[in-house]
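Here is the structure we will look at, set down as structure tokens.
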Amino acid sequence: MPYDDSPPSTRRARPLSVAAALAAVCLTAAGCGGGQETGEDGAASPRPGGEAATSAAPTPTGKQPEPTVSGSASPSVSGSASASAKPLPKGPLTGRTVVIDPGHNPGNRDHTREINEQVDIGTGRKECDTTGTATNDGYAEARFTLDVSHRLRALLEAEGARVRLTHDADRPFGPCIDERARIGNEAKADAVVSVHADGSAVGNRGFHVILPAGVKGGGADTSKIVKSSADLGARIAGHFARTTGSAPSNYLGGNTGLDTRDDLGGLNLSTVPKVFVECGNMRDPKDAALLTSARWRQKAAQGLADGITSYLKG
């Protein structure tokens, strides 16, 4: 759930419309049916209407989240990149590689010194990682992202895709944002999706997909992935809206569900198609009720999977 405080006119490219994204869904799917924000990049400035971005997520209290779906076992592969050990079925995504990046890490809150260390993002330096946000009842974003990522992995593997996670809470903290990008690059992923939830003000609702802007500087050069990432993001937005019933964000992206950013290391350093998905606002009670529902999280994973599949099948 990354954000910054610069005005939209200075940091957003003209987004695609959700109508266009939904049109892509119709063409590729089998028919069309009728607080606290601390981002993957650890940007410390609040979005307009948001809260400060640096304090740790609260300890879980109050309402307990529903059981998670852990998916298959995840032995360590290439450092923190976790891949399923089970044989994959043959399917429409056989031969394709998808990297899922669960935002943050439940252990980050206990390693603030380490995650505050600065890393190079090509165009500057930012914190290694951040704690993430939480609902007012204490359901941490890092738990949400892992649960949705496990569900998404299971759906994609059922279609034959080779899936890796950047981490599976199998390390004390992180990985840092530059390593998260590197994992996708080294896997030569056909698509990378970073799963998040926002932490904006009450009344700010809905999902949005963050696309990489054209960036070139230092070790960052997104020129080869801007177009493909925009296609990936538009397809995910269309399918996510249809499958979850959630509306595009009412506070970012001009109701398109798409927001283009040039300040996120996870996007700047990627050499393969990559997007971030903010599934909803954890600090809005109505969105929080969705995000804490296991049934809705399964719908969110299905919407992400459908969008990724649509993109990979062209």
Which residue pairs have Cβ atoms closer than 7 Å, lie 6 or more positions apart in sequence or on different chains, and pair a first residue in the stretch 291-314 that is open to solvent by 30 Å² or more (accessible area, probe 1.4 Å) with a second residue that is part of a loop (DSSP other than H, G, I, E, B) and modelled with pLDDT of 95 or more? 313/92
Is it true that residue 200 is over 29 Å from residue 290 (Cβ atoms) and either open to solvent by 20 Å² or more (accessible area, probe 1.4 Å) or modelled with pLDDT of 95 or more (or both)? no
Is it the case, given these coordinates, that residue 200 is farther than 19 Å from residue 148 by Cβ and out of contact with any Ser or Thr (no Cβ under 8 Å at 6 or more places or on another chain)? no
Assess whether residue 153 counts as being basic (Lys, Arg) and open to solvent by 10 Å² or more (accessible area, probe 1.4 Å). no
Can you give me the number of residues within the stretch 65-123 that are within 19 Å of the chain's Cα centre (by Cα), of a type outside the set (A, V, I, L, M, F, W, C), modelled with pLDDT under 95 and assigned to a loop (DSSP other than H, G, I, E, B)? 4
Odd one out for residue 244, checked against (1) in contact with a Pro (Cβ under 6 Å, 6 or more places away or on another chain); (2) open to solvent by 10 Å² or more (accessible area, probe 1.4 Å); (3) not basic (Lys, Arg): (1)
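Let's see how each residue does on (1) acidic (Asp, Glu); (2) under 17 Å from residue 308 (Cα atoms); (3) at pLDDT 95 or above; (4) surrounded by fewer than 24 Cβ atoms within 10 Å (Cβ to Cβ):
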residue	(1), (2), (3), (4)
230	no, yes, yes, yes
234	no, yes, yes, no
250	no, no, yes, yes
260	no, no, yes, yes
269	no, no, yes, no
286	no, no, yes, yes
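The values are calculated or read from the model by the stated rules, or taken from the named source; none is laboratory data. All values reported here derive from a predicted model rather than from experimental measurement. Here the Cβ is made from the backbone with ideal geometry for all residues, glycine too, and neighbour counts use every protein chain on show. Surface areas here come from the heavy atoms of the whole protein model, side chains and all, with no ligands, DNA or RNA. Shrake-Rupley method; radii C 1.70, N 1.55, O 1.52, S 1.80 Å.
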